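Read-outs throughout are calculated quantities, based only on the coordinates presented, and are distinct from any laboratory measurement. For clarity, every value in this text was computed on a predicted model and none was experimentally measured.
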Amino acid sequence: MNEVAGNPASDSAGRGEGVAGFALVAVLLFLLIVSAVITPFVLAARTDFLLSSRQYLIVRQQMLARGVAQAIARQIAGRDTVAIAELKLDSEPMRVRCGPHDLTIVAQDQAGLADLNTSPRGLLEAGFLALGFSAGDAANLADAAVAYRSPQGGGGGGANRLVPAGLKHFPFDAIEELYEFEGMAGMAPGTLRRVMTVYNRSAVIDPDAYSPALRRVLPDNPTSRHPYVSAAPLPLVYAMVSVEVVDPDLGVRGYWGGYFEFPEAEAGFKLMEPASDSVLLVNAPRALSEPFVATDECAAIVGPGVANWLANR
C-alpha cells in the first residue's frame, strides 16, 4: 500500500497561523487586562480633575461675591445715597448684571430688626409672629428669650421647657442660638436674619428699615401697643450685606454674606463677622422671578471700578 506523504510547506503554514492566532489572542487578552486595570484609574483621575476644576470655579465665584459685598459696604459707608439709591437696606433683593455675572444682592439695616438682647418683650413677640408662629407660641417664645438672656434667676418652668438645653442667663452671641428653642429647628438662617439680630443694640426699631416680614406685623409709627417703634429714623450703624454671583455660561455660583459696622464719625466700615450658612442668605423667592436690570446699573451699585473688574472676570 502506498503512503501519502505530508506537505511540509502546508504543515508549516498551518503551525504559523496557529502561533499567530495564539499571539493575537494573547495580545488582546493582555490589552483587556491592562485596560481593566488602568481604566478605573483614568476615570478616577478625570473625575478628580473635573471636581477640582468645578471646585475652583465655585471658590472663584465665592471670592467675587465677597469682593462685591465689600464694595457695596464701601458705597454704604460713603453715605452716597445717589449711588445706592436702587439698593434698599430692608432685605428686598436686587438683581443686576455685571459683565458675564448675574448678581443678587440683599442688604439689611440692622436697626430695622428685633434685637434678641435689647428688644423689650413685646418687640420680641412681634418678631416671632413675623416668623410665622401663632400668637400663643410667639408670646411663649418671647418669654423664653427674655429668660434666656436674663441674669441667673430669671425665667420659669415654661421657659425651661422651651429651651431643653437650659437657659443661658447671658446675652445672645448670635441669632443661631434660637435653634436651642423648641419649634425653631426648621427655621432657615436666612429667614431668621430678616427678623432677628444681635446688631440693633437698641430698645427701639426703625420702621424705615423693616424687612417685609416685620412690616406685616408692625405699624409704621409708634402706638400705645407698640411704643418700641421709633418715631424718627435711627442712624445706620450696622448692616448685613449678602451677595450671590452666578456665571450662567459656566453654570456656577458663589455666595457670601457678612455683618458690617459703619462708624458715624468716619466714612469707613469694618467687617464684624461673616454670616454662617451664606448659601441661604439670598434665597428670597421674590428674587428668583425678577429679571436682571441693565448692565449699566452695575456701576451705580458697586462702583465703576468694581463693575469694570467684574466685566473682565
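Give me Rg/Rg_expected for segment 55-152, where Rg uses Cα atoms only and Rg_expected = 2.2 N^0.38 Å with N residues.
Scaled against compact globular proteins, the figure is 1.49.
How large, in Å, is segment 105-240 by the Kirkwood hydrodynamic radius built from its alpha-carbon pairs?
After inverting the pairwise mean of 1/r, the radius is 14.8 Å.
Quick one: what are the phi-derived ³J(HN,Hα) couplings along segment 113-130, Karplus 6.51/-1.76/1.60 with θ = phi - 60°, whole Hz, x for glycine and proline?
Working through the residues one at a time gives 10, 7, 7, 5, 9, 10, 6, x, 4, x, 6, 5, 4, 4, x, 5, 4, 5 Hz.
With the cut-off at 18 Å, report for segment 219-266 the share of all Cα pairs above it, as a whole percent.
The share of Cα pairs beyond 18 Å in segment 219-266 comes to 61 percent.
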